[in-house]
């Protein structure tokens, strides 16, 4: 039964916690050796090995061991096994990437199945995915079926779930049932999966739905971190955490799905645009004893310094940030100076671009949390297709003759052969199933003969998986700058810079003030139309703006109508009040008695008395005739239209007629 704790409404987190509340991270450096904490044969994280602190933390670790505040051994984590929360973290699985490729079509599914099997073998409490589970927001039926089959095979079983979600699930989980999937009595979920959306599987359309919503409706996922920013302005978002309890360990897991980087950057700079809510529980556990995790999927300044999110913009009260979207594997937690939290970047589980950062070994993150302390173990993924990358500068090669194309080909063939041999040796040493490797060589040349890359790759058909794009030919920067200066090419028209331009930048440069659609909405619709293949993106954007405009117009009309009715009511009240006062004065004047006017002459006295009676008979002064005229019916003064005596008189008054041209009748008035 779920734990029933008294809880109050969430409150907004205004001030950061003191530095003393931040956790002391236990950072493990695991390498692919026999002494590491991961068994390559079984795929299980083992104990009993010597654990070394993370590089750069030796002094801090020694201090912890010296004052006996923390022990870097397995005994600490086994004393209270019921309090340790075990989580397997992966990101950017990109299910369905190159699904129509005969060789690479199953790579993403093989790696995702390995991740799920590692979660079952290590008996983790739940699996955490940090966005881009799917490569597209509208995957094919084949991709969707394969994903459901994997989740059903590893997540649906009778294994008991050892943790409880004690927060308001309706606020933090985006599903109609307002509960985590393992609490549904109609399903048996042994491995819960929590996920946010990324920049590939983001919600779209009028209903703001994605493929994650489909799997959530089928009770396969727990989808959190979904936001609805609307179509006007920068937007506001409130992030509610998923509060998890296991024994005496409390975790507040904040999820923030992908938002356009430029828009989120402006929101983080604007006060009150992003509200981080922290629930309060009325028990003996204060909020300072919770472990706060932030899961987000954005561009990072380290990998994308242009339009990216800086670590300094994140809230200070979090203890760990799990960063998705960046494919480079930087899984060892790194402390951000002055912020008090650590960042781990697991990287993608599949290579989707042939660049040097994708050539690093792929890992999954095994995270253990107890109270305010944690430790990490990186688990290498064995099913990932090997990828070998190298850069060659032909100018620096001694055995290459710039004028001899044969020597250039010979040198490049030697480099490719060495990379293939290296890939085979690594596969045999790790004991994984051998696969055709990906090979990419970036060749820098200046003025040398152009090499046909497709013809060059024909020699490696059946030896590598990408023979058509092994070589990437680029000119050196010095040669490129010389050509630009000679051709007088403006830097503003450079294709690389144009590719990075956004709608906001183009409109800002042209000084255009859009009056129909907001810039952010138009940019989002364009992105969904081009990259998300959403044919109704512009229609949905326009429709939503129209609905909001109609709603605002109705509100303004209602306010105007209300003000007009109030003015009419006030005017009628004033008129009725004046009418009542005028009627009262006239009635008092008519009902007043006549008083005689005194005079020394009897005749004058009598005449004066009669004149006084006449004057008083007319209210407001004036004669009696004037008073009588005031009582006359106004209908008698209405003008009655004059009727003609007979038809003959009417004909006489009409002007004579004369025959006109073409038989027309023209009336002419005769002179008198």
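Determine, yes or no, whether residue 140 is in the same structural domain as residue 362 (by TED's automatic domain parsing), farther than 21 Å from residue 257 by Cβ, in contact (Cβ under 8 Å) with a residue 40 or more places away in the chain and touching a helix residue (DSSP H, G or I) at 6+ places or on another chain (Cβ under 9 Å). Criteria not met by residue 140. Look at (1) within 30 Å of residue 275 (Cβ to Cβ); (2) in contact (Cβ under 8 Å) with a residue 60 or more places away in the chain and you find that residue 379 fails only one, number (1). Picking from residues in segment 270-282 that are modelled with pLDDT of 90 or more and surrounded by fewer than 19 Cβ atoms within 10 Å (Cβ to Cβ), the one that is nearest to residue 181 (Cα to Cα) is 275.
Of all residues in segment 315-325, those that are within 21 Å of the chain's Cα centre (by Cα), crowded, with 21+ Cβ neighbours inside 10 Å and either assigned to a loop (DSSP other than H, G, I, E, B) or modelled with pLDDT under 95 (or both) total 2.
Taking residue 250, is it in contact (Cβ under 8 Å) with a residue 24 or more places away in the chain, surrounded by 20 or more Cβ atoms within 10 Å (Cβ to Cβ) and either within 15 Å of the chain's Cα centre (by Cα) or outside the structural domain of residue 150 (by TED's automatic domain parsing) (or both)? When the stated conditions are applied, residue 250 does not pass them. Looking across segment 201-217, the residues that are within 21 Å of residue 130 (Cβ to Cβ), touching a residue at least 40 places away in the same chain (Cβ under 8 Å) and assigned to a loop (DSSP other than H, G, I, E, B) come down to 201, 202, 203, 210.
The rows are residues; the columns are (1) within 23 Å of residue 356 (Cβ to Cβ); (2) touching a strand residue (DSSP E or B) at 6+ places or on another chain (Cβ under 7 Å); (3) at pLDDT 75 or above; (4) not assigned by TED's automatic domain parsing to the domain that holds residue 411.
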| position | (1), (2), (3), (4) |
| --- | --- |
| 448 | yes, no, no, no |
| 456 | yes, yes, yes, no |
| 459 | no, no, yes, no |
| 465 | yes, yes, yes, no |
| 477 | yes, no, no, no |
| 494 | yes, no, no, yes |
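The values are calculated or read from the model by the stated rules, or taken from the named source; none is laboratory data. Keep in mind that what you see is a predicted model, and the values were worked out from it rather than measured. Glycine also receives a Cβ, built like all others from the backbone with ideal geometry; neighbour counts cover every protein chain displayed.
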